[in-house]
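The values are calculated or read from the model by the stated rules, or taken from the named source; none is laboratory data. Every value quoted in this text rests on a predicted model; they were computed, and no experiment measured them. For neighbour counting, all protein chains shown are included, and Cβ atoms are generated from backbone atoms with ideal geometry for every residue, glycine included. In case anyone asks, the SASA skips ligands and DNA or RNA and just uses the protein heavy atoms, side chains included. Shrake-Rupley method; radii C 1.70, N 1.55, O 1.52, S 1.80 Å.
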Amino acid sequence: MLDFWFFLEVLVGGLLSGTMYALVALGFVLIYKASSVFNFAQGAMVFFAVLSFVGFMELGLPFWAALPVTVGLMILVGMGTERFVLRPLVNQSEDTLLMATIGLAFVIEGVAQLAWGVDVRRLDLGIRDEPINWVMDKTGMLVSQLDVTAAAVAGIMVAALALLFSHTKVGRGLRAVADDHAAALSIGIPLKHIWMLVWATAGVVALVAGMLWGARSGVQFALVWVALKALPVLIIGGFTSVPGVILAGLIVGAVEKLGEVFIGPFFGGGIEGWAPYMLAVLFLLIRPEGLFGEKIIRRV
Amino acid sequence: MTVSVASAVERTAAVEAAVQPVLAVKNIEVIYNHVILVLRGVSLEVPQGKIVALLGGNGAGKSTTLKSISTLLGSERGAVTKGSIEFRGQRTDQLTPGELVGMGLVQVMEGRHCFGHLTAEENLITGAYARSISRSQLREELDRIYAYFPRLKVRRSSLAGYTSGGEQQMIAIGRAMMAKPNMLLLDEPSMGLAPQIVAEIFEIVRDLNQKEGVSILLAEQNTNVALKFADYGYILESGRIMMDGPAKALADNKDVKEFYLGMSSEGRKSFRDIKSYRRRKRWV
Ligand SMILES: Nc1ncnc2c1ncn2[C@@H]1O[C@H](COP(=O)(O)OP(=O)(O)OP(=O)(O)O)[C@@H](O)[C@H]1O
Ligand SMILES: [Mg+2]
């Protein structure tokens, strides 16, 4: 018989890692919504961000100093990208912009390794990747402290962004730009400021995502591929929907872990790697706009 | 003493306004994509506080003229290659649309372009984005706009994408008015709307013109309605001004009646002409 607690343990583990997929995907959505650019360099930004953070700590900065310094650096990187890579390409096709971000990804990866070296580093956030004792005592489930903390941080980040979008002036401006560039321009919303803001925010989101992933699996080049994990999340959630990618992140996390544990054995394991992509393909077939993929409101 | 000084100032201001139009377009030529010549020497003027209509059929170049003025042309790979445009005595060619909004010139684009996923009220609020005003001032401004568009007050928390075509046009105009403009460029506000709604919107536009003193350049295919509300009109064809004059004179002109008001000595143009015209618009 299937053990309920064990099932729940796997599910919770999956959901918790799902929040982190959602966080990476959120970086993509922000930029895609505001400027219709698929930012291929998001993974590189994640890598660059956390590598810089660890680098600053190695240079002797304490945690609480390294954090704002890196945040500042990522804001600069985000704004610089907007200013020097994308703005000169304004009015070009989406393909051209995608190519530009692919190039950008290589540049950022290169600069990151030049500046900080290629060694794999540990990032110690002071939280152990160990089961929480009282949960284990009560239910027998193994739920990692680190996973819970990471999920909480991701959750706070998402909530803060949601508030920013719905209740502030720039948030309203951002949604307006996402809806209709030309109209936004025609009433004097400064597109450039909005784009800079979005890229800066994506930079900070990349840092947070990088720290959470880095704390789990070490700060290494492989973090670049975290972005690939976000791809099925984006397809399932819809490229333009913030709630969509959050839910999709949770789904992908859960499917991955549940599939690995309960279905994997029939295939000889290793299902975790491709299950999300299978799911994404299914979605492409039956619901190409994604879960809440933004309905295009059109009335004539 | 002070009274006479004030009136002297007023008088000079009035004289200035009479002499200098708020908008002057001088012999402009516009090219899209470096090759497609669309405007071939268009000149027009809008006097302070007046409504001027720019009339013409599909593809005549009305929208292109308006976009040249607001400099929105830049984001469509179009460029003014000859001539000049002056708004309140200042050349606009080096300005961005945002800067012109700041100076008081706002375009309401063809096809309304509301922010579909924002509510009607949020749409209006975005119109004041570039102004730094306090919350209470914003509230006052909203109320001022709702006074002109009572329907929008009712619909204020609906998503703009789900409002009717007429309401969307009102949102678009109201949003532009939130920028506190001196001058509005209206591109086909009657497009796709029932005659009754068109009349309602034009009444409001006239109201805005009279009470807020905002000058208006109005691009329209609906010659009939436009000439009823405008002070002066220009007729544009294939990128050239063919005729211009006071609205009343144009409305009474035989050629205008025949070619633009769908009336001729043989009665109305046949329905078939109008239909093929529509079809062309859809495919081209
Ligand atoms: N972005 C563009 N690139 C190339 N050609 C364009 C572009 N926009 C408009 N044109 C061309 O310029 C000409 C004038 O177009 P414009 O939109 O100014 O006409 P209009 O008078 O506003 O017509 P309508 O009543 O259909 O809106 C048309 O022949 C059109 O095909
Ligand atoms: Mg037009």
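Looking at the stretch A:14-37, can you tell me whether even one residue there is within 23 Å of A:Asp129 (Cβ to Cβ) and in contact with a strand residue (DSSP E or B) (Cβ under 8 Å, 6 or more places away or on another chain)?
Scanning the stretch A:14-37, I find at least one residue that is within 23 Å of A:Asp129 (Cβ to Cβ) and in contact with a strand residue (DSSP E or B) (Cβ under 8 Å, 6 or more places away or on another chain), so the answer is yes.
Out of the stretch B:70-86, which residues are more than 9 Å from ligand 1 (Cβ to nearest atom) and within 12 Å of chain A (Cβ to nearest Cβ)?
Matches in the stretch B:70-86: B:Ser70, B:Thr71, B:Leu72, B:Gly74, B:Ser75.
With respect to B:Leu186, determine if the residue is surrounded by 19 or more Cβ atoms within 10 Å (Cβ to Cβ), within 16 Å of ligand 2 (Cβ to nearest atom) and outside any loop (DSSP other than H, G, I, E, B).
Considered against the rule, which asks whether it is surrounded by 19 or more Cβ atoms within 10 Å (Cβ to Cβ), within 16 Å of ligand 2 (Cβ to nearest atom) and outside any loop (DSSP other than H, G, I, E, B), B:Leu186 comes out as yes.
State all residues of the stretch A:36-53 that are open to solvent by 10 Å² or more (accessible area, probe 1.4 Å) and touching a Leu at 6+ places or on another chain (Cβ under 7 Å); if no residue qualifies, say none.
Matches in the stretch A:36-53: A:Phe38, A:Phe40.
Please indicate, with yes or no, whether at least one residue in the stretch A:277-295 is under 30 Å from B:Ser190 (Cα atoms), over 22 Å from the mean Cα position of the chain (by Cα) and either surrounded by 16 or more Cβ atoms within 10 Å (Cβ to Cβ) or modelled with pLDDT under 90 (or both).
Checked against the condition, which is being under 30 Å from B:Ser190 (Cα atoms), over 22 Å from the mean Cα position of the chain (by Cα) and either surrounded by 16 or more Cβ atoms within 10 Å (Cβ to Cβ) or modelled with pLDDT under 90 (or both), the stretch A:277-295 yields at least one hit.
Yes/no matrix, rows are residues, columns are (1) within 16 Å of ligand 1 (Cβ to nearest atom); (2) part of a loop (DSSP other than H, G, I, E, B); (3) touching a residue at least 40 places away in the same chain (Cβ under 8 Å); (4) among the charged types (D, E, K, R):
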residue	(1), (2), (3), (4)
B:Leu152	no, no, no, no
B:Ser190	yes, yes, no, no
B:Glu200	no, no, no, yes
B:Gln210	no, no, no, no
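Can you find, within the stretch B:116-126, the residue that is least open to solvent (accessible area, probe 1.4 Å) among those that are within 7 Å of another protein chain (Cβ to nearest Cβ) and at pLDDT 95 or above?
B:Thr126
Consider B:Ala147 carefully, then state whether it is within 16 Å of ligand 1 (Cβ to nearest atom), in a helix (DSSP H, G or I) and under 25 Å from B:Ser132 (Cα atoms). First the steps, then the outcome.
Values: within 16 Å of ligand 1 (Cβ to nearest atom): no; in a helix (DSSP H, G or I): yes; under 25 Å from B:Ser132 (Cα atoms): yes.
Here the answer is no, as B:Ala147 does not meet what is asked.
Taking only pairs six or more apart or across chains, which ones have beta-carbon atoms under 9 Å, a first residue in the stretch B:56-74 that is free of Cβ contacts under 8 Å to residues at least 24 places away in the same chain, and a second residue that is within 12 Å of ligand 2 (Cβ to nearest atom)?
Going by the 9 Å Cβ cut-off, the qualifying pairs are B:Gly74/B:Lys67.
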